Each structure stands twice: as C-alpha cells, then as structure tokens.
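Input: a single structure, listed below in structure tokens.
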Amino acid sequence: MSLATEVPVLPAVAAYPGVEGRLFRAGGREDLAAYRATGGYAVVEDVERLLDQVDEAGVRGRGGAAFPIARKIRTVRDGRGVPVAVANGEEGEPASVKDRWLLRTRPHLVLDGLRLASLMVGADEVHVYVSDPGSAESVRAAVQELGGAGVWDAQVEVTVVEPTYVAGEETAAVQALNGGPALPTDKPPRPFEEGVKGRPTLVNNVETLANLPLVQRLGATGYRELGTVASTGTFLLTLSGCAATGLYEVPFGVTLTEVLSWLGEDPAQVDGVLMGGYFAGVLGRQVLDASLEYDAIKALHSGLGCGAVGVLSSGTCAVEVSAAVMAYFARENAGQCGSCFNGTAAMSAVLEALRDHRAEAADVERLTDWSVRLRGRGACGTLDGATNVAAAVLREFPDAVTTHLDGTCATCAGNEGQPLSRAPFAVALPAA
Amino acid sequence: MKIKLDRTKCDGFGFCAKYAPETFDLDEWGYVSLIGAGNVAPEHEDGVRRALLDCPVHAITELHTHAEETAAR
Ligand SMILES: Cc1cc2nc3c(=O)[nH]c(=O)nc-3n(C[C@H](O)[C@H](O)[C@H](O)COP(=O)(O)O)c2cc1C
Ligand code: SF4
Ligand code: SF4
C-alpha cells in the first residue's frame, strides 16, 4: 500500500468463525424490536450480583487502556457525589471505525450497556458523546424508540462535537460535556474523581459498554467461553492496509496469521503492522504469531489499544508510515502543552528528514532521546503515543532506519519531499 | 505540601525550575513537568511557594482540602 492511496470506505464487516451472537450483527441498523428479540434490556434483579458477574467476566476497556470496567465502576460508585455515566463514541482514531459502526448499526446494544453501567454505578445522569453525525442520528432515534417503551426511562443526553484526535480523550469529553472546548485537561483530577459537573464520572468506550448486556445474558462463564484468561471475550478489529480492509469481530487470543488466512490474505506478504491505531507505533513480523490479547502485545513493547491494525504489506516502508503518523500528531495535537507541540514537531521533522534520506546519525540519536524523555510530559496521552511511534520504528525496523540513513531505501527513493499530509491507514464509513 | 501543575497553561517561562529545580523539570524548550507526584518535601516548600507565586500564568496550584481543590480550578 502506498500512503498516497485514498482513504478506503469500509467494505467488509464480519465475525470470525465460532463468534456468534455478540457484537457483530449482519444487516442494517437494529431497531428496538429487533434488539429486544435477542433478550435485550432485560430486567436487572440484583445490581450487585451483576457487577460481580462483570468482574468475574473480566471485561476490560476497549478505548485503549484495557482497564477492568468493574474496578472503575466500583471506584466511581464509591466516590464523592452522585455519579454521571458517559458513553464515549467520539473515536478520533483515524485507523478505527468500530465505535461508529456500533453506534450506527447497534445503538440499542450500546444504550443497554450504558443502562447497565449507570445502574451499577448509581448514575442519575447519562450521556452519549460522539462526533459522527450518523452515530448521533442513530442514537437519537434509538432514544426516541425507548420513549414510552417502558424498558429504560433515563434522560439520555446526546452530545456531538467536531471530530478531532484528542476529543475522545476522557478529560476532553468531560470538559466538552461541561460546556467547554473538547480539549484535554491536566490531571489530577481524573473523571472518576471529578468529572461532569464535578461529580464522579464513569467514562467508557462504547464497545466496552456493548459487552455488558452480553455478560448479563451469557453470565461470566458463558462470556469467558471466547477469549483468553486475561483478555476475555471478543473485540472489534479494524483491519486496514490490505485487500481485506474492514471490521471484524474476533476472539481475543487469535493470531494475525489466523485472521489474515481466514480473510484470504497471505501472511508471508506482511512485513509488520501499525498497532493499536496511532498509539503504539509499528511492530515487526513477530506480531504475526503473537496472541492478539492485551498482555501478549504489551510484552512485545506494543499495545492492542483500540484494536486497530494497519498491515504493512511488502513494499510499505515502516519509516514512511511512522513519519506520516508523527506528522499527524504534530498537526493534530491540541497545541496546549509546550512539551507536546514542540516535541511532536521536533520528532516529526527528524522522521520526515529520515524518510527523505536527509537525516544523519545525530538526528536519530536526538529522536531516540526524545522518545524516552518526552514520555509523560503532556496533559494527555497524545505525546506518549508520539514517543511510542518514534521508539517503535527505531526498535522494530533498525534496518529500515539504516537504509534511510544510507540513502538507499528503494521504497522511498523518488518520494523525497512528498507531503506527509495523509493519515496512513485511515478508514472511513460510508456517508450516513 | 501538595501541588499540581497544569501543563496546558504553562508558557515555559522557567521561573519555577529556577526556584525549585528539585520539583520542576524543564524540557529543552523550557516547558516543565513535575518530578514525582506533586508531594513537596518540607525543605523544598519555600522554593516551591516562590515558584507558585511567580508563575506568570498561575499554572501551579497548592492542593489543600477537597473543597479548596475544586475552588482552585
Ligand atoms: C489522545 C487520546 C485520545 C483518546 N480517544 C478516545 C476515543 O476516541 N474513544 C475512546 O473511547 N477512548 C479514547 N481515549 C481513551 C479515553 O481517555 C478513556 O480511557 C476511555 O474512553 C475509557 O473507556 P474504556 O475504559 O471503556 O476503554 C483516548 C485517549 C487518549 C490519550
Ligand atoms: S499532551 Fe498534546 S494533545 Fe494532549 S493536551 Fe497536551 S498539547 Fe494537547
Ligand atoms: S513558572 Fe509557570 S509558566 Fe513558567 S515554566 Fe513554570 S509553570 Fe510554566
């Protein structure tokens, strides 16, 4: 894939063999009647018991940090003040489409999850936070369908912001819901301590929430029938960079080789991936046989993040991809923290020079140094994502770095000076 | 004493790192991050207080009780 290809419109959505009746559903938007026919919006007899089940099921956050939701619910529930619950469907990550797909096609699954989360946390105010107009429309219609249906009578506030990379960060969401700009704030406080209206706020990714009704229906043991011990259930994998670009529900623990083979792709043609969206940077061929679960990917110094995987097909240069991702961070950071706007610009300049066969060993040394020392220096994780991208290409593709220093990268020869303005592996949904 | 730093406000004037280098760490562009979690040892409190008062953009705040923390924001 060349970086110059157009943003592909998501062509395929499917579930891996053996995955049934969870997040994936064929066909168009699921309305209230269809969702209720699957057992949705089931009465909760015992909230405490449900929370224990969610804990036993081991559900972890799908927004990027893989934090156990049961633990977050308990912390927020026990905080100071009446909690607020927020479904985060902003999805600023260019390489991911899962959240918008869920909201557009399965709004009731997400709303049911939000209902269960707000019950468990004791929230009296619930929000759905999005940037995609199609998602907003779908959720608003679902809320209307719920009116008078007698299954959930909460007032669900739908808030739509401009789509940006940082708008989905949880403090940006909180600031936006408090009437401010959708920009991150420095910590402390974190939303679980003080969020919307200063109250303890549960912010969860919409895919995380969509798993709660599954736990209610399947029980902890049934839920755990798919996945691994520490990464339970399934996840929505946004795959891009190959002919099989699309959205796939797969069980945690499959390998990329298995997924690619299932989709008719040849793993031998893969040099590596861009892992976890833009947050974790590139990862070499070792990823092919790794178990796709949080801890195994972390052990490779990378991260599964939001489940977006961009395939570096043979003939894609990891240096060019990393330079393009860094250029994106240099453009799309919120421009608030000096270490971030200076650091991403500086790292971007070095990676662009490297791509263009202009960099020297001393530049790469500075990049190495920044990739370590700038970590943790921003109010939000964007700068950490940028340091990951720099560190990853240096660690995973040392040969590509060398050929760029030598001026001999065959893939990039002749591309010098090409703008890095396109977001690599960006995937889009059809216009709503 | 316990403090917090708002890096979205910091304008990189560097006063704080001059008065309390053990607490504020400058990057190469002059922007700071806290060293540690904002717990200031008694022997460093004077320097940190000076930094707090002199920071032109009020990026540094002392954390007292919960109520004061909220009001300070
Ligand atoms: C720069 C940045 C952008 C983020 N964007 C999103 C996003 O678009 N959607 C999302 O759910 N989480 C996003 N997150 C993670 C959220 O801050 C938060 O951790 C998440 O919504 C919590 O939900 P979970 O525990 O269910 O994963 C982002 C984090 C960072 C640092
Ligand atoms: S770290 Fe970067 S993206 Fe995050 S708030 Fe600061 S300037 Fe914005
Ligand atoms: S004194 Fe204030 S503005 Fe200056 S570097 Fe310190 S925190 Fe930033």
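Computed from the coordinates by the stated procedures, all read-outs in this text should not be read as laboratory data. No experiment lies behind these values; they were computed from the predicted model shown. FYI the Cβ positions are ideal-geometry reconstructions off the backbone, even for glycines, and counts take in every protein chain you see.
When Cβ neighbours within 10 Å are restricted to other protein chains, what is their mean count per residue of peptide B:4-12?
Details: counts 4, 2, 6, 14, 14, 4, 6, 1, 4.
Average neighbour count from other chains, rounded to a whole number: 6.
May I ask you to sort B:PHE13, A:PHE425, A:PHE397 by Cβ crowding, counting other Cβ atoms within 10 Å and putting the fewest first? Mind showing how you got there, number by number?
Details: B:PHE13 16, A:PHE425 31, A:PHE397 24.
With the fewest neighbours first, B:PHE13, A:PHE425, A:PHE397 line up as B:PHE13, A:PHE397, A:PHE425.
Give me B:CYS10, A:CYS317 sorted ascending by neighbouring Cβ count inside 10 Å, so fewest comes first.
Numbers: B:CYS10 26, A:CYS317 23.
With the sparsest Cβ surroundings first, the list reads A:CYS317, B:CYS10.
Let me spell out the model: positive unit charges on the Cβ of Lys and Arg, negative unit charges on the Cβ of Asp and Glu, origin at the Cα centre of the protein assembly as shown. What dipole size does that give, in debye rounded to 20? Intermediate results must be reported in sequence, preceding the final value.
Details: 43 positive and 65 negative charges, 135 e Å.
My answer is approximately 640 debye.
Treat each spin label as a single point 7 Å out from the Cα along the C-beta direction, and report the B:LEU53 to A:THR38 distance in nm.
6.3
Run the dipole for chain B about the Cα centre, Lys and Arg Cβ at +1, Asp and Glu Cβ at -1, nothing else charged, and hand back the magnitude in debye, nearest 20. Provide the component values of the computation, followed by the final result.
Values: 8 positive and 13 negative charges, 38 e Å.
Approximately 180 debye in magnitude.
Across peptide A:177-185, what mean number of C-beta atoms from other chains lies inside 10 Å of a residue's C-beta?
1
Based on alpha-carbon centroids, what's the gap between the range B:16-47 and the range A:371-395 in Å, whole number please?
When both Cα centres are located, 22 Å separates them.
Check which residues have an amide H placed less than 5 Å from A:GLU125's amide H, if you skip close sequence neighbours.
Close amide H contacts, sequence-distant or interchain: A:ALA85.
Can you tell me which aspartates and glutamates have their Cα less than 12 Å from the Cα of B:LYS2? Leave out same-chain residues fewer than eight positions away.
B:GLU45, B:GLU62, B:GLU69
Between A:ARG140 and A:ARG80, 0.36 nm times their residue separation minus their Cα-Cα distance comes to what? The partial results should precede the final answer.
Working: separation 60, 0.36 × 60 = 21.60 nm, distance 3.05 nm.
Going from the current span to full extension adds 18.5 nm.
What is the extension gain from A:GLU48 to A:LYS197, computed as 0.36 nm multiplied by their sequence separation minus the C-alpha to C-alpha distance, in nm to one decimal?
Details: separation 149, 0.36 × 149 = 53.64 nm, distance 2.60 nm.
Length gained between A:GLU48 and A:LYS197: 51.0 nm.
Looking only at B:PRO42, B:PRO21, B:PRO56, which one moves most when chain B is put into a Gaussian network model with springs between Cα atoms under 10 Å?
Result: B:PRO42 has the largest fluctuation of those listed.
Pop out the ³J(HN,Hα) list for the range A:322-330 in order, Karplus 6.51 cos²θ - 1.76 cosθ + 1.60 with θ = phi - 60°, rounded to Hz; leave Gly and Pro as x.
5, 4, 5, 5, 5, 4, 4, 4, 5
Given only helices, namely DSSP H runs of n ≥ 4 each adding -39500 (n - 2.57), what is the per-residue ellipticity at 222 nm of chain A, to the nearest 500 deg cm²/dmol? Walk me through the intermediate numbers first.
On the way: 16 runs with 171 residues, N = 432.
Result for chain A, helices only: -12000 deg cm²/dmol.
Going through the cross-link list A:LYS98/A:LYS298; A:LYS98/B:LYS9; A:LYS298/B:LYS9; A:LYS72/A:LYS298; A:LYS72/A:LYS187, which pairs have a Cα-Cα distance over 23 Å in this structure? Let's see the in-between values first.
Working: A:LYS98/A:LYS298 21 Å; A:LYS98/B:LYS9 34 Å; A:LYS298/B:LYS9 33 Å; A:LYS72/A:LYS298 21 Å; A:LYS72/A:LYS187 17 Å.
Table pairs above 23 Å Cα-Cα are A:LYS98/B:LYS9; A:LYS298/B:LYS9.
Multiply the residue gap between B:GLU22 and B:MET1 by 0.36 nm, knock off their C-alpha separation, and tell me the result in nm, one decimal place. Don't skip to the end; give the middle numbers.
Values: separation 21, 0.36 × 21 = 7.56 nm, distance 1.43 nm.
That works out to 6.1 nm of additional length.
Let me confirm one metric for peptide A:186-192, namely the mean number of other chain beta-carbon atoms within 10 Å of its residues' beta-carbons.
Details: counts 8, 3, 6, 5, 0, 0, 0.
Partner-chain Cβ atoms within 10 Å, mean over residues of A:186-192: 3.
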